[in-house]
Structures are given as structure tokens and as C-alpha cells.
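Novice: Below you will find the structure I want to go over with you.
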């Protein structure tokens, strides 16, 4: 058997356990713990044999055997897959056993030097995720060291060692402590370098993915802009031709077909606008610009009322009570109010109320602006209320729209670090309220 094969022999024995450990760094830590345990058992057995040959058959040698047995228990636990528990158990019991040995052979034997190793190795055995365990084990080993140095255990009779014997124990224990600490330090450096290598590899992969994502996003933006322009132009032409055809006073049947065609064109134009709004909201950075809520709402309202032909029926009420100027993203504010006013008008179309209205409220509360858009329209069915902000959700097939409006609305509010909620009663109307912080980083 070659030296390399001998070194890797423990890995062969515990191959089944190591196969269950997916994290490569965690696997290295388990291997280190196994090798350290085998090294400690070898040291304990060596000391036992040396003490026996020298005629030191006393309870000290039995403490050494107990320590070897406790360390062997670590290997047994690791073999059955409880490697973390085995490492904790082994370090705790070893710290306790060394107290008894130090009490027996004395502090001048160098036995307490192993506490340096026991205080250092938890940070080799456990990574960042288990750092609290490592700190706890190091603290425990330090407490055991203080006990071994400051407290006298009366039930343990100290040995009377000669100066030569003390020197031998001191040299042996110091040498073994140094060798094992050096081994642990080298392994810790290996783990650090391996973690750094993995981090660099992941960083390179992330950078490549970011570059690819940036390229794809840029192409997607160009595609959305181009597609929206290429689709909107023909739709506007079709809508214009329909209007011209209606001016020719076609038969009633033809006029109905033209109305259906016009609705389909309007629906497709709305969908294109929603896609553009979604693209803008998801990619454009937040801008800080002064916003006049009153003018913004009026301009959006006039556009919707003109196209919906409801200007003679629905009343717009406004209560703007703002003393602080709003500096936020006008594009996203326009998206938010556009969707809210559009829905308020849309769900009044079939209403037969004597005084249909849409009310817009804007006021200040502490460090935020509060906005409310309410109506006395058809309201929202309680069974679908929790789903209205989901992408492509539509309450029924009879509801016009793409199912993107409220989803984009919620996304826009969240982009501005705000919150939105809805209160609605079916048959009586709805109130959408959202808060936007006064100061956005």
C-alpha cells in the first residue's frame, strides 16, 4: 500500500457517509474530523502503551483509554451518518476527559496544551453557517481549561512524577499539540482557498449571466418597443377606416359588425399598452420629478372619458389636500392612476345609477402620501378579491381587459416602496388606497 493510499484509507472506510454530504466544503470538514479522531486515538493508545511499559499502571492510563474510547465513539457516530453530532460530542467529552488527566499528572505535564487544539478545531470542523456551534465549543474548552488549572478535584489522587517524567510528558504533549494544530491550520487554509475558489467561480458565472441578462433585456426592450409600434400603427389605421365606414351610414347589421371590430381593436390596443407599461415598470429606474396630482388625474380622466363615451354620466370628484410637493416617478404614477381610473370607468358602463361617480383623494399621513380612488360601481366579488392583483387574472370572461392592469398597478406601487389595499362591497363600489413614502432612496 502506497503512502497516498494509506492517507486516503479513512475516506474509503467512511465513503458511504461522505457520499451523503453534498457540500464539498462540508465533506472536507468531515474528512478532517475523521483524521483528527484517528490521530487522537493513536496518541492515546501510544501514551497508554508507553505508561504501561514504564510501569505507570494507574488511573491515568485508564483516563487515556476512556478518552480514546470517547473519540472512537465520534467515528462510530460519523459512520452512521451523525457526523455533526459526533464532532460536537467528541469535542465536549475530550475537553472533560483532559480535566481528569491534568488533575492526575499535573499541569507541568503539558496535557492542558491540548486545549489550544480543542479551542481551535471547532472553527475547522464547522463553517460559517454553524459558527455559533464553533463559538460555543471553543468557550466550553476554555472553561474546562480554567477548571483544570484553578479547581482541585479531591477524588483524584495526583501522581508524583519526577522531573524527567514531567519533561518527557511535556515534550510529547507539546509536540503532538503542535503537530495537530499545524495540521488543523493547513486544513483551515485549504478550506479557505477552496471556498475562495468556489466563490470566484460562482462570481464569474454570475457575471456571465448578468452580461447575458443585460443583453437579453436590451433586446427585449427593443422588441417590445418595435412590436408595440408595428402593431399599434395598423390598429390605428383599422380604427380610422372603421370610423370612415361608419360615416358612410352603412346598414344596421354592418354597423353592429363594425362596433364589434372596433371593440376588438380597442382591446388589442389596451393589451399592447399594458405590455409596454409592464416593460417600463420592470426595467426603468425610479426618477425623482415634481408631480401635480390634480393635473395628472384630470389629463388621464379626460382621455378615458373621451374614449369610453361616458363623459355625460360619470362625475369626477377630487379632494387634494397636500401641503408638501410630491417628488416621485411620474411615469409610474401615471400607470397607477391610469389603471385605477380605467377600472372605475369600465365597471360603471353597465351601471344604471342616477349619480355615478369616481372620487380621487390625496392627503398626507406622517411620512407618506395616501391616495384613494373610490367609485359606486359594481364592486368586487368577495370570492375573487384575493386574486385580483395576480398576473392575467380576470374575474370573468365578460370582463374586458388583458388581466394585466391591476398586476402592473401593484408592481408599480411596490417599485415606489409603497403598499396598496382594496375595500369593496359587491353592488356598492370599490375603494383602492395606496401609500407612497415621501422620501424614496
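Novice: Anything in the stretch 267-317 that is under 29 Å from the mean Cα position of the chain (by Cα) and either modelled with pLDDT of 85 or more or at positive phi (or both)? List them, or say none.
Specialist: Result: 288, single match.
Novice: Right, next: Could you look through the stretch 418-434, keep only residues that are surrounded by fewer than 19 Cβ atoms within 10 Å (Cβ to Cβ) and within 34 Å of the chain's Cα centre (by Cα), and pick out the one that is farthest from residue 286 (Cα to Cα)?
Specialist: Residues of the stretch 418-434 that are surrounded by fewer than 19 Cβ atoms within 10 Å (Cβ to Cβ), as a first pass: 419, 421-423, 425-428, 431, 433.
Pick out the ones that are also within 34 Å of the chain's Cα centre (by Cα) and you get 419, 421-423, 431, 433.
On the way: 419: 16, 421: 22, 422: 25, 423: 28, 431: 26, 433: 21 Å.
Residue satisfying both the conditions and the ranking: 423.
Novice: Which residue out of 143, 135 is more than 36 Å from the chain's Cα centre (by Cα) and either under 29 Å from residue 186 (Cα atoms) or part of a helix (DSSP H, G or I) (or both)?
Specialist: Selected residue: 143, the only one of 143, 135 that is more than 36 Å from the chain's Cα centre (by Cα) and either under 29 Å from residue 186 (Cα atoms) or part of a helix (DSSP H, G or I) (or both).
Novice: Name the one entry in 133, 151, 147 that is surrounded by fewer than 22 Cβ atoms within 10 Å (Cβ to Cβ) and free of Cβ contacts under 8 Å to residues at least 40 places away in the same chain.
Specialist: On inspection, the qualifying residue turns out to be 151.
Novice: Looking at residue 198, is it within 30 Å of residue 24 (Cβ to Cβ), touching a helix residue (DSSP H, G or I) at 6+ places or on another chain (Cβ under 9 Å) and surrounded by 13 or more Cβ atoms within 10 Å (Cβ to Cβ)?
Specialist: Numbers: within 30 Å of residue 24 (Cβ to Cβ): yes; touching a helix residue (DSSP H, G or I) at 6+ places or on another chain (Cβ under 9 Å): yes; surrounded by 13 or more Cβ atoms within 10 Å (Cβ to Cβ): yes.
Here the answer is yes, as residue 198 does meet what is asked.
The values are calculated or read from the model by the stated rules, or taken from the named source; none is laboratory data. Given the structure is predicted, the values throughout are model-derived calculations rather than measurements. Virtual Cβ from ideal backbone geometry, glycine too; neighbours counted across all protein chains shown.
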